[in-house]
1. Per residue, how much accessible area does the chain have with a 1.4 Å probe, in Å²?
2. Calculate what fraction, in whole %, of the accessible area of the chain sits on carbon and sulfur atoms when a 1.4 Å probe is rolled over the protein chains.
3. Note down the nm distance, to one decimal, between modelled labels 7 Å out along Cα→Cβ at residue 99 and at residue 212.
4. Looking at the square roots a ≥ b ≥ c of the eigenvalues of the Cα gyration tensor of region 1-54, which shape do they give, rounded for a/c under 1.5, prolate if a/b is larger than b/c, or oblate?
5. Taking only the alpha-carbon positions of the chain and ignoring solvent, what does the Debye formula give for the base-10 log of I(q)/I(0) at q = 0.08, 0.12 Å⁻¹?
6. Are there trypsin sites (Lys or Arg not before Pro) in region 105-162 that DSSP marks as loop and that have at most 16 other Cβ atoms within 10 Å, and which are they?
7. Quick check: pseudo-label points 7 Å beyond the Cα along Cα→Cβ at residue 145 and residue 228, how many nm apart are they?
8. Of 107, 80, which has the most accessible area with a 1.4 Å probe, and how do the rest follow in descending order?
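The values are calculated or read from the model by the stated rules, or taken from the named source; none is laboratory data. It should be emphasised that the depicted structure is a prediction, and the values quoted were computed from it without experimental measurement. Cβ placement follows ideal geometry from the backbone for every residue including glycine, while neighbour counts extend to all protein chains displayed. Ligands, DNA and RNA are stripped out before the accessible areas are found, and what is left, the full protein with its side chains, is counted by its heavy atoms. Shrake-Rupley method; radii C 1.70, N 1.55, O 1.52, S 1.80 Å.
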Amino acid sequence: MSRYLALVPAAGVGSRFGAGRPKQYVEIDGRSVLEHTLRRLLAEPQIERVAVVVSPQDGYYAQAVRLPENLAARVTWLRCGGESRADSVFNGLNALLAQGLARPDDCILVHDAARCCLPRSALRRLLDQAGGHPAGGILALPVADTLKRAGAGSAIAATVSRKGLWQAQTPQLFRADLLQRALSHTDFADITDEASAVERLGVQPLLVAGDSRNLKMTLPQDEYIVRLLLAAEQAT
Ligand code: CTP
Ligand code: MG
């Protein structure tokens, strides 16, 4: 049976969030965003190990993540972040395979450091529905809003049907060998998730129902929602 390993790209600078430090190191409710994210993945016993890809220049991570010994023992820090998210994921995956920490038939769950409210139920759904699937799968949500295509001067050029359209989230789960092959065959410039690289091989990963609480902290106003979500969880 293949094992589950998580790979967390955390080498971004958070330019849209604009906090004066990378957004994964912003503190919310006494813990950094990255620590919240790691605790959620580590709370799932089927995930054997969580590898975190940070930038080689990262001066924050050692202070920003405080885990009890039993959880820290399942975390591997990789200081091989790259220029783009896809570079960071590819470098991290290659390091895991080269160090023998991952095997080609392991299932890798790539999860954004900035998605720190991942519900346990959504993670379980992904493992249950895509874990045994050769093409893997991703969490995603059917588009809820009406879609407009912008024309000149920000005027509406057209209304686009949302039928059949989904918004991709993470985790995105693939066998390590498939993910490595997909990323080594692609130009990273136009890649914003792993599934799109896998799709280019002609492989069709599954869409598994995600959760609106699994938002990616991207803009400053997202911090407000994350605080509310974490507080609401503590209250229940
Ligand atoms: N990421 C990474 N390496 C990069 C760029 C991004 O590991 N070179 C990570 C981020 O740390 C984040 C995830 O990929 O956990 C999703 O990226 P995004 O939300 O775009 O984060 P940033 O790139 O940091 O933000 P921005 O695009 O606003 O600068
Ligand atoms: Mg980015």
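1. I get 50 Å² per residue for this part.
2. Working: 5870 of 11710 Å².
Ligands and nucleic acids excluded, carbon and sulfur give 50 percent.
3. 3.9 nm
4. Since a/c reaches 1.5 but b/c is at least a/b, the shape of region 1-54 is classed as oblate.
5. With no solvent term, the Cα-only Debye profile gives -0.29, -0.67.
6. Details: sites: 115, 120, 124, 125, 148, 149, 162; in loops: 115, 162.
Hits after loop and neighbour filter: 162.
7. 1.5 nm
8. 80, 107
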